[in-house]
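Worksheet: one structure, shown below.
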């Protein structure tokens, strides 16, 4: 089935809701309603520039849930800096543990709401 403009708008609103809850306002977010291979949605981030491009599929099956997919991609954004750091070869141990602690504090706040 083709996904609709209304579903895309729901996806964007839900993603931005989670960005706000997670306090990830440092990112410039771009959305695309695009053809994807084997994914309902995906995200690509640029940590240096603090850009995130979030894509929602144009085609999906009946089990597609825009809100669930948006939350999933927002969690990827929450973890994006930690993933980027894991790929770097020039980090100190404290940088990784500091980022982990930052994520834990965010999740504590969100899970208490």
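The values are calculated or read from the model by the stated rules, or taken from the named source; none is laboratory data. The structure displayed is predicted, hence computed values, not measured ones. Here the Cβ positions follow ideal geometry from the backbone for every residue, glycine too, while neighbour counts run over all protein chains shown.
Take the residues in segment 1-27 that are in contact with a strand residue (DSSP E or B) (Cβ under 9 Å, 6 or more places away or on another chain) and closer than 18 Å to residue 79 by Cβ, then tell me which one is surrounded by the most Cβ atoms within 10 Å (Cβ to Cβ).
15
Going residue by residue through segment 31-53, is there one that turns out to be crowded, with 17+ Cβ neighbours inside 10 Å, within 19 Å of residue 107 (Cβ to Cβ) and out of contact with any strand residue (DSSP E or B) (no Cβ under 9 Å at 6 or more places or on another chain)?
Scanning segment 31-53, I find no residue that is crowded, with 17+ Cβ neighbours inside 10 Å, within 19 Å of residue 107 (Cβ to Cβ) and out of contact with any strand residue (DSSP E or B) (no Cβ under 9 Å at 6 or more places or on another chain), so the answer is no.
Would you mind finding the one in 79, 24 that is in contact with a helix residue (DSSP H, G or I) (Cβ under 8 Å, 6 or more places away or on another chain), under 25 Å from residue 113 (Cα atoms) and part of a helix (DSSP H, G or I)?
Unique residue meeting the criteria: 79.
Can you tell me which residue is nearest to residue 80 (Cα to Cα) among those in segment 37-46 that are more than 11 Å from the chain's Cα centre (by Cα) and at pLDDT 95 or above? Show your work before the answer.
Restricting attention to segment 37-46, the residues satisfying the condition of being more than 11 Å from the chain's Cα centre (by Cα) are 37-40, 46.
Narrowing the set further to residues that are at pLDDT 95 or above leaves 40, 46.
Numbers: 40: 19, 46: 9 Å.
The extreme case among them is 46.
Yes/no matrix, rows are residues, columns are (1) without any contact (Cβ under 8 Å) to a residue 24 or more places away in the chain; (2) over 30 Å from residue 4 (Cβ atoms); (3) surrounded by 11 or more Cβ atoms within 10 Å (Cβ to Cβ):
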| position | (1), (2), (3) |
| --- | --- |
| 56 | no, no, yes |
| 64 | no, no, yes |
| 69 | no, no, yes |
| 72 | no, no, yes |
| 80 | no, no, yes |
| 83 | yes, yes, yes |
| 92 | yes, yes, no |
| 108 | yes, yes, no |
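From (1) outside any helix (DSSP H, G or I); (2) in contact (Cβ under 8 Å) with a residue 12 or more places away in the chain, pick out the condition that doesn't hold for residue 11.
(1)
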